[in-house]
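Read through the structure below, which is laid out as structure tokens, and then see the notes.
Read-outs throughout are calculated quantities, based only on the coordinates presented, and are distinct from any laboratory measurement. Note that this is a predicted model, so its numbers are computed, not measured. Heads up, the Cβs are rebuilt from the backbone with ideal geometry, glycines too, and the neighbour counts pull from every protein chain shown.
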Amino acid sequence: MKKLRDPQIILFLIISLTFISAQIDKAFPHSIREQIKNGELVNILLMGIDARPGEPNNTRSDTIILASIDHRINKAVLLWIPRDTRIYTSNKSKKINMVNQLQGPEASCKTVENLLGTEVDYYVLTNFSGFERIIDLLGGVYMDVDINLSSSWSGVYLTKGYKCLTGKEALKYARYRGIKDGDIGRTQRQQKLMKALITQCLQKDNIAKLPSLFAELQKNVVTNLSSSDLFFLSTIILGIDNGNIITQTLPGYSYTDPYSGASYWEVDRQVSRQIINNLFNRPVAQ
């Protein structure tokens, strides 16, 4: 049997696992099937939040990823947007991760539209705290830890090396912000944990645990994608060759506002509004 490689597995599982909580009766401007038929990009905003089950979903987004799919050329892009990315509203600066907290996921989609110059109609909101339980149900997650981490507050102490992490340890690892690498290093660790977790889910011994895993996901996922579009997308994604899946972090640099002292990820607006088209080698609209 052909083994799925990491980027393709990531895309497929993110979309297909959200099927369990899709809101079937939502009304959309036009379906994903129609977008693909018209040769349009399909853009889905993936956001991870820190909220417990039963708490509001309008909290700061810890992880922000734009998943873009171009079926004409059988290619996909996963663009990580650092949560400290600076945006401007009413002549004021704020971080992009605050938008979901203040205005919700639809406003987050609109903000990313303005930042990148591309339409974003759909979102998948994931409560990452729920993954702690999922990891423990799997018996832990095996991965190569690349940092030494000591947290007396949480009781987590990690050293570099390949090991099995509990849910608590894995989430602490993913949320750790080093002095030198800051938010970008944290983004890289979250990507690494996601790949390791997906690999763990696909192990033969864990197949029997999938129903309980799906139940946990159902408690922690919200999306405006319909079930029919999710199913259609899963068939499209499976046909994408691994070499045609690109992962990219939105380019920029760390910046500290001299007046407020706030730290941001500063992006070049012209570059950001062209990056998706450039990654797909599409002409940029004038």
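Odds and ends about this structure:
- In the structure shown, the pairs Lys75/Lys195; Lys75/Lys160; Lys168/Lys209 are assessed against 23 Å; a Cα-Cα span above that value is assigned to Lys75/Lys160.
- The phi-based Karplus calculation (6.51 cos²θ - 1.76 cosθ + 1.60; θ = phi - 60°) puts the 3J(HN,Hα) values of the range 252-267 at x, 8, 6, 9, 10, 5, x, 8, 8, x, 6, 9, 10, 9, 9, 10 Hz, whole numbers, x for Gly and Pro.
- Ranked list, fewest to most other Cβ atoms within 10 Å of each Cβ, for Met47, Met98: Met98, Met47
- Amide H to amide H, with H built 1.01 Å from N, Ser129 comes under 5 Å of Ala51, counting only residues 5 or more places away or on other chains.
- Put simply, when 151-164, 123-136, 265-278 are sorted by average Cβ atoms within 10 angstrom per residue, most first, you get 123-136, 265-278, 151-164.
- Available extension along the chain between Asp241 and Val271 is 8.1 nm, counting 0.36 nm per residue and deducting the alpha carbon span.
- Look at Leu102, Leu193 and count the other Cβ atoms within 10 Å of each Cβ; fewest to most, that gives Leu102, Leu193.
- Among Asp241, Asp183, a tally of other beta-carbon atoms within 10 Å of each Cβ gives an order, fewest to most, of Asp241, Asp183.
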